[in-house]
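Engineer: Got a structure here, written out as structure tokens. Questions coming.
Any read-out appearing in this document is the output of simple, stated calculations on the displayed coordinates, not a laboratory observation. Everything quoted here is computed from the prediction, not taken from an experiment. Don't worry about glycine lacking a Cβ; one is built from the backbone with ideal geometry, like all the others, and counts go over all protein chains shown.
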Amino acid sequence: MRIVVKIGTSSLCGDDGRLMDARVENLARQIAWTRKQHHELIVVSSGAVGAGIGHTGKRPTNVIEKQALAAIGQTYLMQAYQRHLPDISLAQILLTRQDLEHPARRANSANTIQRLLEWGALPIVNENDTVAHEEIRIGDNDTLAARVAGLIQADLLILLSDVDGLYTEDPRQDPDAQHIATVPWVSAELLNRHTASKGPWGTGGMHTKLLAARIAQEHGIPTILADSSTYGILQHLIQGDPMRATYFLSQPENS
Ligand SMILES: Nc1ncnc2c1ncn2[C@@H]1O[C@H](COP(=O)(O)OP(=O)(O)O)[C@@H](O)[C@H]1O
Ligand SMILES: N[C@@H](CCC(=O)OP(=O)(O)O)C(=O)O
């Protein structure tokens, strides 16, 4: 399978916003396992702002400071992955939505990722935060991951977060919220019901994850939303073990 795994800030950073090396290590172990099973893997990773906070000790007070911290943190984020994946050639890819809408840049992006996969390298994508003002504000790594999945015709999109799926309400705020195991189609009504309630350092919350699942559905790609802190989560999902998660079914294109 060709799999896109998106790893959110909430899966990589602690309550103080700093990138946590132990979390990168745990995810790196699962990335290595997935590749050993001969799956093609593309990672879309947040965490640049968190790595920037960790290295400077600065707390961002506005979007420009988040962009500046992301510029500092991106290299440390890649170093953290490389430290825990020493035998793999990592490829940093910084993209914006506009890059994937522009025909020539879209083709260049697809060709580069395709060649990296043929070479056995691991593409690690993040949004290009320096130029993506709007995206960093609304947390568009979720939808960027879905667009990348569409670009390279992935078989599966996995969104790893700090929650084990979609609930009827934000479970942080409503202890009676019900877990939703399967979503056949991300309707406009569902999108409108879940707005930007989110964790302390994440951006976008459930709304951008639903948008991502909808974009993937439009490309005929199923999405799974799962909790990155569950032991061996990638392995369980890829093996098809019954897991508590939300499964967004795929939908044929043009339907
Ligand atoms: N309906 C919902 N179901 C599940 N989680 C929700 C819902 N609404 C809001 N959330 C919040 O979304 C958060 C995950 O989004 P976010 O903080 O942006 O994560 P990430 O950094 O992984 O992208 C969860 O911690 C949860 O509190
Ligand atoms: N590009 C930013 C993350 C923005 C973003 O989409 O965050 P998240 O919603 O936690 O996936 C970073 O690397 O810190």
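Engineer: How large is the dipole of region 104-172 about the Cα centre if only Lys and Arg carry +1 and Asp and Glu carry -1, each at its Cβ, rounded to the nearest 20 debye?
Structural biologist: Its charge dipole is roughly 440 debye.
Engineer: Sort MET78, MET1 by Cβ crowding within 10 Å, fewest neighbours at the top.
Structural biologist: Result, fewest neighbours first: MET1, MET78.
Engineer: Right, here's the next one. Restricting to Cα pairs below 8 Å that are 6+ residues apart, what does the relative contact order work out to for the chain? Please round to a whole percent.
Structural biologist: 22 percent
Engineer: Charges only on Cβ, +1 for Lys and Arg, -1 for Asp and Glu: so what's the dipole of the chain about the Cα centre, in debye to the nearest 20?
Structural biologist: Dipole magnitude for the chain comes out near 500 debye.
Engineer: Same structure again: Just want the answer: with Cβ charges of +1 for Lys and Arg and -1 for Asp and Glu, which residue in GLN82, VAL5, LEU234 is farthest toward the dipole's positive end in the chain?
Structural biologist: So the residue furthest toward the plus end is GLN82.
Engineer: Could you point to the residue in THR168, HIS102, TRP119 farthest towards the positive end of region 2-248's charge dipole, with +1 and -1 charges on the Cβ of Lys/Arg and Asp/Glu respectively?
Structural biologist: Farthest along the dipole direction, towards plus: TRP119.
Engineer: Looking at the square roots a ≥ b ≥ c of the eigenvalues of the Cα gyration tensor of region 75-200, which shape do they give, rounded for a/c under 1.5, prolate if a/b is larger than b/c, or oblate?
Structural biologist: It comes out prolate by the Cα gyration axes.
Engineer: What is the set of long-range amide H partners of ILE221 at a cut-off below 5 Å, with H atoms built 1.01 Å from backbone N?
Structural biologist: When sequence neighbours closer than 5 places are left aside, the close amide H contacts are GLN251.
Engineer: Mind computing the radius of gyration and Dmax over the alpha-carbon atoms of region 2-248? Å is fine for both.
Structural biologist: Here Rg and the maximum Cα pair distance are 16.7, 49 Å.
Engineer: Please work out how much length the chain gains when fully extended from ARG35 to ASN62, using 0.36 nm per residue of separation minus the C-alpha to C-alpha distance, in nm with one decimal.
Structural biologist: Working it through step by step, the gained length comes to 5.9 nm.
Engineer: Note down the relative contact order for region 84-150 as a percent, whole number, built from C-alpha pairs under 8 angstrom at least six residues apart.
Structural biologist: 39 percent
Engineer: With runs of 4+ DSSP H residues as the only contributors, calculate the mean residue ellipticity of the chain at 222 nm using -39,500 (n - 2.57) per run, divided by the residue total and rounded to the nearest 500.
Structural biologist: Helix-only estimate at 222 nm: -13500 deg cm²/dmol.
Engineer: Going by how many other Cβ atoms sit within 10 Å of their own, how do LEU116, LEU160 line up, fewest first?
Structural biologist: LEU116, LEU160
Engineer: While we're on this one: For GLN98 and ALA121 in the same chain, what is the full-extension length gain: residue separation times 0.36 nm, less their Cα-Cα distance, in nm?
Structural biologist: Length difference between fully extended and current span is 5.8 nm.
Engineer: Any chance you could count the Lys pairs in the chain whose alpha carbons are under 27 Å apart, treating pairs 8 or more apart or on different chains as valid?
Structural biologist: 10
Engineer: Let me ask something else. Figure the gain on full extension for ASP170 and ARG83 (residue separation times 0.36 nm, minus the Cα-Cα span) and round it to one decimal in nm.
Structural biologist: Gain in length upon complete extension: 27.8 nm.
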